[in-house]
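Engineer: I'd like to ask you about the structure that follows.
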Amino acid sequence: MFDHLTARQRTVLDVLIPGGMLTVEQIARGARLPRWKAKRDLGALCREGMAFRDRAERWQISPLLRRPPRRAVR
């Protein structure tokens, strides 16, 4: 699922995975990236449907990534 992401995008996603609503500044700090690079990667993750932001410019992962993978029923 994450094979097409760059290493930097994976790092940004790793900051978001624990949950919560984070600002670009918090994400950049957590990923140890300049703000503009974090914002660019968040835009790419948003286009992929992996992250989204609210009106207050806080980001989180998409609901799809929060759900545990389905297990086969026997």
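Engineer: Would you please list the contacts, defined by Cβ atoms under 6 Å and residues six or more apart or on different chains, that run from a residue in region 6-27 that is over 18 Å from Pro63 (Cβ atoms) and open to solvent by 40 Å² or more (accessible area, probe 1.4 Å) to a residue that is not aromatic (Phe, Trp, Tyr) and not in a loop (DSSP other than H, G, I, E, B)?
Structural biologist: Taking only residues 6 or more apart or on different chains, the pairs are Arg8/Asp41; Thr11/Ala31.
Engineer: Just to be sure I understand the filter: pairs with C-beta atoms under 6 Å, separated by 6 or more residues or on different chains, first member in region 32-55 and farther than 13 Å from Leu13 by Cα, second member assigned to a helix (DSSP H, G or I). Which pairs pass?
Structural biologist: Arg35/Val24; Arg35/Ala28
The values are calculated or read from the model by the stated rules, or taken from the named source; none is laboratory data. Everything numeric in this text was worked out from a predicted model, so none of it was measured. Every residue, glycine among them, receives a Cβ derived from its backbone with ideal geometry; neighbour counts consider all protein chains shown. Accessible surface areas use protein heavy atoms only, side chains included; no ligands, DNA or RNA. Shrake-Rupley method; radii C 1.70, N 1.55, O 1.52, S 1.80 Å.
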